[in-house]
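Notes follow once the structure below has been shown.
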Amino acid sequence: MPKEGELAYLANTGDIGRQHSLEKPFSDPQCGLNLASIGYVMSLLPPTPARILDLGCGGGWTSIFLAKHGYRVTGQDIAPDMIELARENAARHGLDDRLDFICGDFEQIGDQGRFDAAIFFDSLHHAEDEALAIRAAWAALKPGGLLITHEPGEGHATHPDSIEAMRLYGVTERDMPPHLIIARGREAGFTQYRVLPLPQYLHHLFYEDNRYLRQRLSQRYWRRVGRILRLIFRPDLRRGAIVVLTK
């Protein structure tokens, strides 16, 4: 069963995987983009010291960043050894007063109406049933609370890296595009949504060395302009994105 793969993931990745989880995001080749992503997510949250539920937190790096900023954070993960690692990680940073962890399935969170915001940061696409997970997040939020998701879009499940992860570790890797998150959010009772671009797309558009942009009459230049305008006025509901849902 896929959840067995999630439960055994840390043990199956060995010491290298454990150290990687403990040192994230700095151990990740995409460190810069991960830092940008958690910064964007923080900018969307209510002011500190709001209470935040970090769903599928793994080794706890996102929970730690949020707690360091002044939020009261509960991190959740299905794997007991991941929760142990997250607690060890939090202790290294002296955050016991603002940060706690619970072990359980985010499709069955029991908390009701406690949190100002909940976050799925690259974790909802591991769900077997995203409708149950989003419904559980809705129930955990106070009225007016936010659910923020940072998830890959269509094509993720068939990417070679995802196929290899499923083969090696038995984990679930699914497409989790905005249109699916929005539909499940509406079914759960969320009343409003926003779709925002992932930092990796902004990086590609603005920060990579694209010398052809200097050639202002080129077709590639005008295609790039079109993509920028679509990001602003008509987000692609199939691509990976940050989605903000309001209860």
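The values are calculated or read from the model by the stated rules, or taken from the named source; none is laboratory data. In this text, all values refer to a predicted model and were calculated from it rather than measured experimentally. Using ideal geometry, Cβ is built from the backbone for each residue, glycine included, and neighbour counts are taken over all protein chains shown. Heads up: the accessible areas ignore ligands, DNA and RNA and are worked out on the full protein's heavy atoms, side chains in. Shrake-Rupley method; radii C 1.70, N 1.55, O 1.52, S 1.80 Å.
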(Q) I'm trying to understand the selection: among the residues of the stretch 134-150, which are within 14 Å of G110 (Cβ to Cβ) and open to solvent by 50 Å² or more (accessible area, probe 1.4 Å)? (A) R135, W138
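Could you please let me know if T74 is touching a His at 6+ places or on another chain (Cβ under 8 Å) and of a type in the set (S, T, Y)?
Values: touching a His at 6+ places or on another chain (Cβ under 8 Å): no; of a type in the set (S, T, Y): yes.
For T74, the condition - touching a His at 6+ places or on another chain (Cβ under 8 Å) and of a type in the set (S, T, Y) - is not met.
Modelled with pLDDT of 95 or more, in contact with a helix residue (DSSP H, G or I) (Cβ under 6 Å, 6 or more places away or on another chain) and open to solvent by less than 50 Å² (accessible area, probe 1.4 Å): which single residue out of S63, S27 fits that description?
On the way: S63 fails: in contact with a helix residue (DSSP H, G or I) (Cβ under 6 Å, 6 or more places away or on another chain).
Result of the check over S63, S27: S27.
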(Q) Restricting to the stretch 165-197, and then to whatever is out of contact with any Leu (no Cβ under 8 Å at 6 or more places or on another chain) and part of a loop (DSSP other than H, G, I, E, B), can you tell me which residue is surrounded by the most Cβ atoms within 10 Å (Cβ to Cβ)? (A) E173
Q | Pairs, first free of Cβ contacts under 8 Å to residues at least 12 places away in the same chain in the stretch 1-23, second assigned to a helix (DSSP H, G or I) and open to solvent by 90 Å² or more (accessible area, probe 1.4 Å), C-beta under 8 Å, six or more apart | A | none
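Got a number for residues in the stretch 151-164 being open to solvent by 30 Å² or more (accessible area, probe 1.4 Å) and either under 16 Å from the mean Cα position of the chain (by Cα) or among the acidic types (D, E) (or both)? Explain how you work it out, then say what you get.
To start, the set of residues in the stretch 151-164 that are open to solvent by 30 Å² or more (accessible area, probe 1.4 Å) comprises 154-156, 158-161, 163-164.
Applying the additional criterion that residues be either under 16 Å from the mean Cα position of the chain (by Cα) or among the acidic types (D, E) (or both) yields 154, 156, 161, 164.
Adding up the residues that qualify gives 4.
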Q) Hey, among I109, I83, I119, which residue is surrounded by 20 or more Cβ atoms within 10 Å (Cβ to Cβ) and either among the hydroxyl-bearing types (S, T, Y) or free of Cβ contacts under 8 Å to residues at least 24 places away in the same chain (or both)? A) I83
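Of the residues L99, L44, which single one is surrounded by 18 or more Cβ atoms within 10 Å (Cβ to Cβ), in contact (Cβ under 8 Å) with a residue 24 or more places away in the chain and touching a Lys or Arg at 6+ places or on another chain (Cβ under 9 Å)? Step through it out loud before you land on a result.
On the way: L44 fails: surrounded by 18 or more Cβ atoms within 10 Å (Cβ to Cβ).
Checking each option against the conditions leaves just L99.
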